Structure formats: C-alpha cells, structure tokens
Amino acid sequence: MSRPTPEKRFSGLTISQDGDNLSPMQGSTMLNKKRIAWAVVICVGAALVSRRPQIMAYYEVHKLAQEDHLLSVMPEPLSDTSVSANQGTMLSYFGYQYEVPWTDIVKVNRSGAMVVVAFKSGEAVVFFDPASASDGAKLMRVGAANPRNALSVFGPEAIQSNYALANTILNLTPKRISLWISPREAAGTAILLGLKRIYTANAETGLFSLKTSHYRGYQRGDPQRARNVDLSVFDDQDHEFHFIVGTAPGKPLTNTQPDINRILDTLEPVPISERPN
C-alpha cells in the first residue's frame, strides 16, 4: 500500500478566496473523524491483548512507518514566537474572540460547528466550535480502567487530559515497539500509532509544539511551505481550540508565523458583558 496522500490523511482542504471550497460537510466530517476513531480504539484495545501477539504488532507498525514517515516524527519547539503588529480585525465566534492581521474580509461562511473567514488578499481562517471537540481522553480512561485493556499500559498521566493524550501520541514513534515488550504494551502502542496518522494531518512540512501565556498545543505545517497550517491548542481547563489558517489556490504563500501567533496571542473568551442575551 502506498503512502497516504494528504486527502487520505484527512488534510485535503482547499480554501478558496471566497471561502466556498471548505463546505459545512467537510467540516462536519473532520470533526467526526476522531470521534469514530476513538470508538474503534476502545473496542479494539480490549480485544488486542488476547488475540494479537506482539510480533504481529511489531511488523505491522514498522511496515506502516515505511509507508508514512510522519509516524517517526516528533514535535519540535516552535522557534519563532513573535507576534504580528499589522493592522488587523477582531473576530468573534462560538463565545471566543481573536485577532487576525488582515482587514479585507470578503466572505464569512458559517455553518454548524465551524466558520470560515476569507480575505481578499487570499488568506482564510477556519475556526471550529470548541464545544464540538471530541473528548478522547475521557474515552481512553473508560477503556484503560480495565487492566486487561491494551490502553492501560500508558498509565493515568498519559490520559489525564486531552493535551496529555495528544502529547503522548505525537511523541510516540515506532521505536517504542520491539519484540521484547509485552503483548499488551505492543498492542496499546500500535493503537496509538494508528491514531497518530490522524493527529499528524497537515504536518508534512513541519510538526511543532507551542506554548503561549494561556495555551499550549501543536502546530502542523510551516506557513512558508504549506498552503494550510493546522493549530490545536488547549487552555488550563483542557478546552481544545482548533484553527486552520490557509491561503487560497493561486495566491502566494504570504502567511507568516507571526501572523499565526497573533491569533493565539489574542484568543480569549468574549467578555460576559459583550455576549448576546
């Protein structure tokens, strides 16, 4: 089987200048990918220990790593933490507000749990409703409560929050699996490495860890090389915030890291006094 294309890796989004190419159906599909994956994980985790020897997990994971090099990649700290000071626009959706360093809005496409704001200069920002984020850590805790479940090998620290879970998955590599580990550990590692293929969507040009004064998380994609950059960050209460910052086809890649940092640096709840009744 050949290495998955970006579309097969769930990252095949094309954001047009008017925001129409990212449809509500695409957004809904993206949001449901993890939910479906977690449901399968809990069921499979309970069965793998008794039915799948570690030698099978070893060879299958290493075969998968040959097809998808991102399984062997771990996040690197984001080196550019500067924030754009360009004139910008404050956007407010789903009870949160954030600034973008562009002012020429041409279209807003909002439907369900996502909103796309497109700019005349070619930039676009997709923001997903934080309330729609899947709680994979909670599902993992349910499965790991059974000591026979393969997922229990990672311990309570790895699944105490969704950030901790993402951190565990993204820093996991096929080197974790060997012929000398227990069948349970091999099965659990194989499951999470399978999930890593979802967590690394859009990371072909770079996978970065980041931290601001209020958020920590991951960035998938280098704005100097990628048309779409994917952001997933978590606050102190483990709420997940998911953005895609893109450039329309045919437009030069003008997005910069300081532009992206501006969004996260200004992200905050809408003040209660400004929320609609």
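Bear in mind that the values in this text are calculations on the coordinates, not laboratory data. Owing to the predicted nature of the structure, the values given are computational and were not obtained by experimental measurement. Every residue, glycine among them, receives a Cβ derived from its backbone with ideal geometry; neighbour counts consider all protein chains shown.
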Inset, instruction - Calculate, for HIS214 and SER182, the FRET efficiency according to 1/(1 + (r/R0)^6) with r their C-beta to C-beta distance and R0 35 Å; round to the nearest 0.05. - result: 0.30
Legend entry - From phi via Karplus (6.51, -1.76, 1.60), per-residue ³J(HN,Hα) for the range 240-256 in Hz, x at Gly/Pro: 9, 10, 10, 10, 10, 10, x, 10, 5, x, x, 9, x, 7, 8, 5, 10
Legend entry - Total lysine pairs under 22 Å (Cα atoms) in the range 56-210, excluding pairs fewer than 8 apart on one chain: 5
Inset, instruction - Starting from the amide H of LYS107, placed 1.01 Å from N in the peptide plane, find each other amide H under 5 Å away whose residue is 5 or more places distant or on another chain. - result: ALA118
